[in-house]
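A.B. asks: Have a look at the structure that comes next, please.
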Amino acid sequence: QRVVLAKPSVDTKGDAQIVSRLGVTREVDMLVGKDENLRHVFLNVASGVDPDALVQNLAAKPVSALLVDEAQFFTPKQVDDMFRIAVLDNVPVLAYGIRTDFQTIAFPGARRLLEIAHSVEELKTICRCGKKAVFNGRKVDDQFVFDGDQVAIDGVAVTYESLCGNCYLEESRGRLSSDH
């Protein structure tokens, strides 16, 4: 079976690879820019005619699934393209991502995914205190921060920590996005 992997180009962690928290990597087949039509890119890669494909000569088998990483970084229009791939092209789309940013504000792509997804399955994460984590705390130089751009990719200075509601409120000193 052939699974096509995609991620948004704004996710510069790992360049053209998906990088897991455990350090496992795999090169993506589609590195999609924010202004690109995701369905057109997919159809080109699926047919094997895309001269810019990161992995060449994949046309031997039909695509059995499209796996999308960091789905929150896609635009709502690109999420609609994922829906069209699933419905019109009859290719299952498995999109992985987070709902909200470090300020508890929904990413536009994540919001659209929740609106039109056929199903949503939560992957549970555990907070440092042992409770279910539902928020993402951003750290810069190992200190929690609650101001800044919505997107900052993990790197040397910027890291993220999964937090439960109690630990998030403790670190933010009780502040939520609606308090700005």
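The values are calculated or read from the model by the stated rules, or taken from the named source; none is laboratory data. Predicted, not measured: the structure shown is a model, and the values here were computed from it. Because the Cβ atoms are built from the backbone with ideal geometry, glycine has one as well, and the counts that use them run over all protein chains shown.
A.B. asks: For region 91-180, which fully contained strands (runs of 3 or more DSSP E) count at least 3 residues that are surrounded by 16 or more Cβ atoms within 10 Å (Cβ to Cβ) and in contact with a Lys or Arg (Cβ under 8 Å, 6 or more places away or on another chain)?
C.D. replies: Ranges flagged: 158-163.
A.B. asks: Let me ask something else about it. Please tell me if I116 is modelled with pLDDT of 95 or more, β-branched (V, I, T), in contact with a helix residue (DSSP H, G or I) (Cβ under 8 Å, 6 or more places away or on another chain) and closer than 14 Å to A6 by Cβ.
C.D. replies: no
A.B. asks: Identify, please: which residue in region 59-76 is within 15 Å of F42 (Cα to Cα) and of a type in the set (V, I, T) and is, among those, modelled with the lowest pLDDT?
C.D. replies: V63
A.B. asks: Just give me the residues in region 99-112 being of a type in the set (A, V, I, L, M) and over 18 Å from G148 (Cα atoms), in sequence order. Working first, answer last.
C.D. replies: Residues of region 99-112 of a type in the set (A, V, I, L, M): 105-106, 110.
Listed by number, the list holds a single entry, A110.
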